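Down below is the structure, laid out as structure tokens.
The values are calculated or read from the model by the stated rules, or taken from the named source; none is laboratory data. Keep in mind it's a predicted model, so treat the numbers as computed, not measured. In this analysis, Cβ positions are derived from the backbone assuming ideal geometry, glycine residues included, and neighbour counts consider all displayed protein chains.
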């Protein structure tokens with residue numbers, strides 16, 4: 001069956017970096033784009049952007065054009081979200097989701113605190 | 001950017017009754033290919049969002065026929081007939097027609 005399995009929770013300090021993984025299985029990885037969605041504590045869903053899994057070209061929503069990097073390891077059917085120079089406001093759960101198709105990862109809770 | 005306005009913000013429904021959620025877009029969501037990329041998601045407490053409806057009215061695999069999406073252009077509705085306990089959570093509309101893609105602000109469904 002189709003699954004997106006994300007890496008585990010992260011606790012980081014401001015200014016540090018992190019890299020979240022999203023491993024896909026049950027389908028051909030390069031047949032579908034991968035999206036990323038942010039959900040701050042108690043808040044709604046915020047679209048971050050997507051990456052073309054055939055070309056590796058990322059597209060970022062305006063709020064995520066700096067400090068955020070989408071990447072791929074196609075041979076491992078894995079997408080990555082890297083966040084550089086972490087800020088307190090990056091504290092959130094980050095989801096990967098296949099696009100289109102309605103399949104989501106379980107989310108990664110990221111806490112940024114000094 | 002396209003703004004999706006969901007109403008109501010919250011909804012309290014008796015089990016077995018119908019619930020209706022509105023999603024209004026600041027621009028038409030009909031794409032140049034003739035399709036309208038409006039989706040509905042349900043996020044149950046502590047879970048990832050799950051796709052209910054895509055392209056306005058198509059139910060995703062395994063979604064009960066109690067969930068009915070309708071609308072066109074800028075006005076869309078999700079109706080849930082015969083509300084069941086497992087329907088509680090936050091419902092989001094989402095548009096994939098215009099870049100950047102955007103979510104509505106959510107409607108919280110509670111059971112009376």
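Worth pointing out:
- Checklist (1) without any contact (Cβ under 8 Å) to a residue 24 or more places away in the chain; (2) part of a strand (DSSP E or B) applied to residue A:36, failing item: (1)
- Residue in region A:41-50 that is more than 17 Å from residue A:89 (Cβ to Cβ), within 14 Å of chain B (Cβ to nearest Cβ) and either loosely packed, with under 13 Cβ neighbours inside 10 Å or touching a helix residue (DSSP H, G or I) at 6+ places or on another chain (Cβ under 7 Å) (or both) present: yes
- Of the criteria (1) in contact (Cβ under 8 Å) with a residue 40 or more places away in the chain; (2) crowded, with 18+ Cβ neighbours inside 10 Å, which one residue B:9 fails: (2)
- Each residue in region B:11-27 was checked for being within 15 Å of the chain's Cα centre (by Cα) and either farther than 20 Å from residue A:46 by Cα or outside any strand (DSSP E or B) (or both), and 4 pass.
- Residues in region A:23-33 that are closer than 27 Å to residue A:62 by Cβ and assigned to a strand (DSSP E or B): A:24, A:33.
Okay, residues lined up against (1) under 16 Å from residue A:15 (Cα atoms); (2) within 14 Å of another protein chain (Cβ to nearest Cβ):
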{"site": "A:71", "(1), (2)": "no, no"}
{"site": "A:80", "(1), (2)": "no, no"}
{"site": "A:84", "(1), (2)": "yes, no"}
{"site": "A:93", "(1), (2)": "no, yes"}
{"site": "A:104", "(1), (2)": "no, yes"}
{"site": "A:111", "(1), (2)": "yes, no"}
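- Test: residue in region B:92-103 that is modelled with pLDDT of 95 or more and at positive phi: no
- Residue A:58 vs. criteria at negative phi, touching a residue at least 12 places away in the same chain (Cβ under 8 Å), within 14 Å of chain B (Cβ to nearest Cβ) and exposed (fewer than 12 other Cβ atoms within 10 Å of the Cβ): no
- Meeting the requirement of 2 or more residues that are buried (at least 22 other Cβ atoms within 10 Å of the Cβ) and more than 10 Å from chain A (Cβ to nearest Cβ), the strands (runs of 3 or more DSSP E) wholly within region B:28-112 are B:38-43, B:75-80, B:89-95.
- Among the conditions (1) free of Cβ contacts under 8 Å to residues at least 40 places away in the same chain; (2) within 11 Å of another protein chain (Cβ to nearest Cβ), residue A:26 misses just one, which is (2).
To keep it simple, each residue is scored yes or no on (1) within 30 Å of residue A:6 (Cα to Cα); (2) free of Cβ contacts under 8 Å to residues at least 24 places away in the same chain; (3) touching a strand residue (DSSP E or B) at 6+ places or on another chain (Cβ under 8 Å).
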| position | (1), (2), (3) |
| --- | --- |
| B:13 | no, no, yes |
| B:27 | no, no, no |
| B:52 | yes, no, yes |
| B:71 | no, no, yes |
